[in-house]
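Worksheet: one structure, shown below.
The values are calculated or read from the model by the stated rules, or taken from the named source; none is laboratory data. What you see is a predicted model, and the numbers here were worked out from it, not measured in a lab. A quick note on method: Cβ atoms are made from the backbone with ideal geometry, for glycine too, and the neighbour counts reach across all protein chains shown. Note: areas computed on protein heavy atoms with side chains; ligands, DNA, RNA excluded. Shrake-Rupley method; radii C 1.70, N 1.55, O 1.52, S 1.80 Å.
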Amino acid sequence: MKFEITTLDGAEAGSLELDEAIFGLEPRADLLQRCVRWQLAKRQAGTHQTKQRGEIARTTKKLYKQKGTGNARHGAASAPQFRGGARAHGPVTRSHAHDLPKKVRALALRHALSAKVKSAELIVMDDARLDEGKTKALKERFGKLSLSNALIIGGAELDQNFARAARNLPQIDVLPVQGINVYDILRREKLVLTRAAVDALEARFK
């Protein structure tokens, strides 16, 4: 698949061949959903917890005698129905993570890349470098490319001036190619790959 390359200033910079096995698939929503759900579940803290009956600091003395009072029988003030008692079936500290096969995760990433190509939301840039880390200068260049909501994937090493200038822009994310993931691709309107990122992705999936 032939794809045009642009510069940071919006000028043409030739073209390159994109691998059909990575960028030319028919996107499957079920794979994308499974991978996004796996990512979001994995990053949940799971630290929510309420006190169980064994953790409540209340007396365990029987409140009143078993029979003859006309009241319901009770054994301890830590029961959930009493004020200051425990929480019945409350949340406990746990991990929300679940397993997703490595091959499914890799396939979902390829389908996410293909989805951006199919919807004409992929831009391939020759390089992502700036002479100085000024947000104003980068914002002007993004205006030429109509980039206001985008994920930018650089090579293995990010240009520090570019990363510094971009981090003050809302709805603009910059990641090295090692950090590319399905959730971040789908949550932004545009996906911008540098030539180095494309080469690294094709080498990764071969």
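Give the residues of region 38-84 that are of a type in the set (Ser, Thr, Tyr) and either open to solvent by 60 Å² or more (accessible area, probe 1.4 Å) or more than 41 Å from the chain's Cα centre (by Cα) (or both), sorted by residue number.
Of everything in region 38-84, those that are of a type in the set (Ser, Thr, Tyr) and either open to solvent by 60 Å² or more (accessible area, probe 1.4 Å) or more than 41 Å from the chain's Cα centre (by Cα) (or both) turn out to be Thr47, Thr59, Thr60, Tyr64, Thr69, Ser78.
Out of region 1-37, which residues are in a loop (DSSP other than H, G, I, E, B) and open to solvent by less than 30 Å² (accessible area, probe 1.4 Å)?
The answer is Thr7, Leu8, Leu18.
Taking the conditions exactly as written (open to solvent by 10 Å² or more (accessible area, probe 1.4 Å), in contact (Cβ under 8 Å) with a residue 24 or more places away in the chain, of a type in the set (A, V, I, L, M) and assigned to a helix (DSSP H, G or I)), does Leu186 satisfy them or not?
yes
Scan region 86-104 and give yes if some residue there is touching a residue at least 40 places away in the same chain (Cβ under 8 Å), of a type in the set (D, E, K, R) and under 23 Å from Ala197 (Cα atoms), otherwise no.
no
Take region 1-17 and flag every residue that is modelled with pLDDT under 90, closer than 18 Å to Ala120 by Cβ and among the acidic types (Asp, Glu).
Glu12
Working only within region 1-37, note down all residues that are under 27 Å from the mean Cα position of the chain (by Cα) and basic (Lys, Arg).
Within region 1-37, Arg28, Arg34, Arg37 qualify.
State the number of residues belonging to region 94-117 that are open to solvent by 20 Å² or more (accessible area, probe 1.4 Å), in a helix (DSSP H, G or I) and of a type in the set (Ser, Thr, Tyr).
So the answer is 0.
Is there a residue in region 172-182 that is within 27 Å of Lys102 (Cβ to Cβ), in contact (Cβ under 8 Å) with a residue 60 or more places away in the chain, open to solvent by 50 Å² or more (accessible area, probe 1.4 Å) and outside any helix (DSSP H, G or I)?
no
So which residues in region 102-124 are farther than 15 Å from Asp30 by Cα and of a type in the set (Val, Ile, Thr), if there are any at all?
Within region 102-124, Val117, Ile123, Val124 meet the criteria.
The conditions are (1) open to solvent by 50 Å² or more (accessible area, probe 1.4 Å); (2) within 27 Å of Val36 (Cα to Cα), and Asp127 fails exactly one of them. Which is it?
The failed condition is (2).
Quick grid of which residues meet (1) acidic (Asp, Glu); (2) more than 25 Å from Leu16 (Cβ to Cβ):
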residue	(1), (2)
Met125	no, no
Gly133	no, yes
Lys139	no, yes
Ser146	no, no
Leu151	no, no
Gly154	no, no
Asp159	yes, no
Ala165	no, yes
Asn181	no, no
